Amino acid sequence: MPATIECRRLRCSFPTGDAPALNDVTFSLPPGSVTLLIGQSGAGKSTLLHALAGLLADNVQSLRQGEIDIASHDPQRLPAARRAALVGLVQQSPDTQICTTTVESEVAFGLENLAIESSEIDRRIDEALRLVGLQELRQRYVTQLSGGQRQRLVLAAVLAMRPDILLLDEPLSQLDPGAAAQFLAAIDNLPEGGPTIVVAEHRTVAWRERADQLLVLKEGRLTANLPRDDYAAWDAELWQLRAQDSSVRSKQTAPGASLVEVDRLTFTFDRRRSAVLNDVSFRAHAGERIALLGANGSGKSTLLAILAGLHEPQSGTLKFLGAAAVGLVRQNPDTQLFCRTVRDELAFAPRHAGCSRDEIGERVRDAAERFELTRLLARSPLLLSQGERLRVAVAATFTMRASILLLDEPTTGQDPRHEAQLMHTLTDAVATGGPPQTLIFSTHDLQVARLYSDRVIVLDEGRIIADSAPEPAIEAFEACLRGMVARERGP
């Protein structure tokens, strides 16, 4: 049954934070409602969702003040099993939530811990996987899923426990347009009397007509609490998050010398299954900003990992020309952050490259300014928001001064202003001679591909189906998505 959410004068502080992550936050959400939570990166959205879920760590809980009341309970004070049945959270990065090896066992995990009978568990697994469109992958290993498929798997695992409250933290950030539509359809198809939903999201268009209420956070404070019928105020708040220069393309450059050549490359994780990449060929040149498009599972992340030297292809050739160095920023920035402070993260690459102290300091200052991290240099990177952590990972890779920079979903968790700032910084660096000299980035956001690339490569089931200027390649991608939807619907 859906539940009311009451939050009264909530204040949360992290031990290393300069200011409270949440400060005097008060609101009430009616049962069964859908609430859209917006704000720039670092505004406190994820902290609020974790507080509502009762998942703040013990040392943070001691710094929490105020009250949270969900169905007459404070989730933080409930036993884990009771809390899981009351509140479900789908986090920004699915890898932080997945704890088993197969799709089936992941959905079963929470149900088994709630002591649900085996016959009911089997029924709920079928129901949840069907709801998110993963029923055909029930026996698949989690490691064989794309990032978007893993995100839908986490949603299925949470929905299977039938919580009263469903909290979604950037749920569309890693989904291609087709998968995003499937995710939203799963939310739309929740049965009558389904959970009360709170969703933090930068991709607000999809939620605009679904939400009953809008909450706006700025620097930890609730600055607006608007009902559905206050359209003018909603539009004003959403406008504030839009990039000011979103209609301006980055500087154009003519392609220069070839830096990497890929010829008939094929790769598979498991020889018993079809190839993840099949007969892939292309060249990347200095001065190019290349966007990789494709549905979840089409091979984009795998291709970037191979270019970065993390996988060996089974056949074909990969050749770097000259002294081309490669840097990679992966989808989940937490896999690349391991230093005590942001300053140390930015200094790591030049320090291990043998740069002088002055050169290290200059690179750190330059990257911190470019990616708006100067005020965060003394902070622990793992205590930042996901959008801030991603900018740290990008900046730390940027200090390598690599000639080829690879980015896997670089706008995940970024509000529109920081998205524009990050992408302009990188594409303009390429346009002015680098480093990097070449930028290759995967994205599900077609507007990002239009604005910040001069070439688009489209992958479908591991094969390149388009490689051209942005607009015709995007049209080919959209046609591919329409074909996928038609095949799924059947005759």
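The values are calculated or read from the model by the stated rules, or taken from the named source; none is laboratory data. Please read all numbers here as calculations on a predicted model, not as lab measurements. Because the Cβ atoms are built from the backbone with ideal geometry, glycine has one as well, and the counts that use them run over all protein chains shown.
Tell me, which residue of segment 284-305 that is out of contact with any Leu (no Cβ under 7 Å at 6 or more places or on another chain) and assigned to a helix (DSSP H, G or I) is surrounded by the most Cβ atoms within 10 Å (Cβ to Cβ)? Within segment 284-305, the match that is surrounded by the most Cβ atoms within 10 Å (Cβ to Cβ) is Ser301.
Scanning segment 361-380 for residues that are assigned to a loop (DSSP other than H, G, I, E, B) and surrounded by 14 or more Cβ atoms within 10 Å (Cβ to Cβ) yields Phe371, Glu372, Leu373, Leu377, Arg379, Ser380.
If I ask for residues that are assigned to a loop (DSSP other than H, G, I, E, B) and either within 21 Å of Glu192 (Cα to Cα) or in contact with a Cys (Cβ under 7 Å, 6 or more places away or on another chain) (or both), which ones from segment 137-164 would you list? Outline the logic, then answer.
The initial filter retains those residues of segment 137-164 that are assigned to a loop (DSSP other than H, G, I, E, B), namely 138-140, 145-146, 161-164.
Correct list: Met161, Arg162, Pro163, Asp164.
Looking at this structure, is Ala84 on the phi < 0 side of the Ramachandran plot and either of a type in the set (Gly, Ala, Ser) or crowded, with 23+ Cβ neighbours inside 10 Å (or both)? Yes: the conditions hold for Ala84. Answer yes or no as to whether Pro436 is within 26 Å of Val205 (Cβ to Cβ), at pLDDT 90 or above and not basic (Lys, Arg). Against the criterion (within 26 Å of Val205 (Cβ to Cβ), at pLDDT 90 or above and not basic (Lys, Arg)), Pro436 does not qualify. Being in the same structural domain as Arg210 (by TED's automatic domain parsing), assigned to a strand (DSSP E or B) and out of contact with any Ser or Thr (no Cβ under 8 Å at 6 or more places or on another chain): is that true of Leu49 here? Criteria not met by Leu49.
When segment 11-46 is limited to residues that are in a strand (DSSP E or B) and β-branched (Val, Ile, Thr), the one that is modelled with the lowest pLDDT turns out to be Ile38.
Among the candidates Pro435, Pro472, the residue that is without any contact (Cβ under 8 Å) to a residue 40 or more places away in the chain and outside any helix (DSSP H, G or I) is uniquely Pro435.
Looking only at residues in segment 434-474 that are of a type in the set (S, T, N, Q) and either within 23 Å of the chain's Cα centre (by Cα) or crowded, with 22+ Cβ neighbours inside 10 Å (or both), which one is nearest to Met423 (Cα to Cα)?
Ser453
Considering segment 266-283 alone, what residues qualify as being of a type outside the set (Val, Ile, Thr), surrounded by 14 or more Cβ atoms within 10 Å (Cβ to Cβ) and in contact with a helix residue (DSSP H, G or I) (Cβ under 7 Å, 6 or more places away or on another chain)? Answer for segment 266-283, where residues must be of a type outside the set (Val, Ile, Thr), surrounded by 14 or more Cβ atoms within 10 Å (Cβ to Cβ) and in contact with a helix residue (DSSP H, G or I) (Cβ under 7 Å, 6 or more places away or on another chain): Phe267, Leu277. Residues in segment 3-50 that are crowded, with 21+ Cβ neighbours inside 10 Å and over 25 Å from the mean Cα position of the chain (by Cα): Ala3, Ile5, Cys7, Leu10, Val25, Leu29. Could you list, in sequence order, the residues of segment 314-360 that are closer than 30 Å to Gln97 by Cβ and assigned to a loop (DSSP other than H, G, I, E, B)? Result: Arg330, Gln331, Asn332, Gln336, Leu337, Phe338, Cys339, Arg340, Thr341. On inspection, Ser298 does not qualify as within 30 Å of Gln314 (Cα to Cα), of a type outside the set (A, V, I, L, M, F, W, C), assigned by TED's automatic domain parsing to the domain that holds Ile457 and at pLDDT 95 or above. Scanning segment 475-484 for any residue that is within 23 Å of Pro333 (Cβ to Cβ), crowded, with 19+ Cβ neighbours inside 10 Å and modelled with pLDDT of 85 or more turns up nothing.
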